[in-house]
Amino acid sequence: MPPVKPSTVLGRQLGDELRRFREAASLSTADAAAVLDCTKGKISRMENGHVPVRLPDLNALVTAYGIADTRTRERLTALARRANRRRRDGWWHEYSSVLSDAYRDQIEMEAICSQIRTFQVQVVPGLLQTAEYARAIAVTSRSWKTPEEIDQVVQVRMARQRRLTGEDPMHFWAVLAEGVLHQQVGGPAVMAEQLAALVDLADRPNITLQVLPFSRGAHASMLGPYVLLGFPQPTALDLVLSETATRNTWVEREAEVVSYRALFDDARTNALPPADSVAMIKRIAAKAKQ
């Protein structure tokens, strides 16, 4: 079975509306599948926002659901066009040769979310990495072989960071296990630059940075990193990206998302306050220079 792709917020909004109209018409997913001559699974994926809704399919469904109101049909059509355009027009498509599907999905979600909360065990979050730190990660991963590919990967990492600046920057809240600050990624000089960058980034009003020190002992998040993405639409559900060594998994079920929120709340509560966290980063950086 192929991995589930994350749904776009616009795609989920359209899917939610189609589900409500289908249920109001007392039709099952099997009935809708018969309209499009497809599987029930495809209807479910459309309603969850995991696959784009083509305009011919949309027109067939709204007709089957008895939607005669012209304004409603025009609104659904406009929503479908916006969702499909969002999927194909992002800047990241210029780098498709070096991006896996999973990484491309992550960037797409970052482009439209309004908030990210993340806990990291071993590495600085990509959105806070310096170019040389990102390069060291790319080289070590062995996913990219040539200098040209590695350069492109670093360019992607730097381009992603534009979401933290500009007129409408996202809010980014990171809790870092203390080990992140000691791991010598790229060597002492690269780490010194990275630690200094973290101190500067923590001054930005849309960035909250905390450190969870070794002295806190065991804690609920210590088994692995994760990323919580929040969206500006009032009805939009959060997404979770659970990161492992072999694959990234998107979590959308509300009960599981709620569990990850609780994990993050536990991590931020146990971590040092932001000011004390920055002070710790400065101390570690100063000790590394001795």
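Read-outs throughout are calculated quantities, based only on the coordinates presented, and are distinct from any laboratory measurement. Model, not experiment: these values are computed from the prediction. Here Cβ is always computed from backbone atoms with ideal geometry, including for glycine, and neighbour counts include all displayed protein chains.
Each principal axis of the Cα cloud of the chain was taken in turn, and the coordinate range along them, longest first, works out to 74, 42, 38 Å. Working note: Karplus 6.51/-1.76/1.60 with θ = phi - 60° gives the range 53-61 the couplings 9, 5, 4, x, 5, 4, 4, 5, 5 Hz, where Gly and Pro are set to x. With a cut-off of 14 Å on the backbone N, the residues of the range 115-143 near the modelled label site 7 Å out from A189 along Cα-Cβ are 132-133, 136. Taking a straight Cα-Cα cut-off under 15 Å and skipping sequence neighbours fewer than 8 places away in the same chain, the aspartates and glutamates within cross-link reach of K40 are E23, D31, D57.
Between K40 and M158, the FRET efficiency from the beta-carbon distance, with R0 = 35 Å, is close to 0.20. Normalised by 2.2 N^0.38 Å, where N counts its residues, the alpha-carbon radius of gyration of the range 46-142 equals 1.52.
Close amide H pairs (under 5 Å, H built 1.01 Å from N) link W173 with I116, R117, T118, T208, residues at least 5 positions away or on another chain.
Shape class for the range 143-196: oblate, because the ratio a/c of the largest to smallest gyration tensor axis (alpha-carbon atoms, square roots of eigenvalues) is 1.5 or more and b/c is at least a/b. Couplings 3J(HN,Hα) of the range 257-265, computed from phi: 4, 4, 5, 5, 4, 5, 4, 5, 4 Hz, in residue order, whole Hz [Karplus 6.51 cos²θ - 1.76 cosθ + 1.60, θ = phi - 60°; x for Gly and Pro].
Order the peptides 72-81, 207-216 from the highest to the lowest mean number of other Cβ atoms within 10 Å of their residues.
On the way: 72-81: 15.2, 207-216: 18.1.
So the peptides 72-81, 207-216, ranked by packing, come out 207-216, 72-81.
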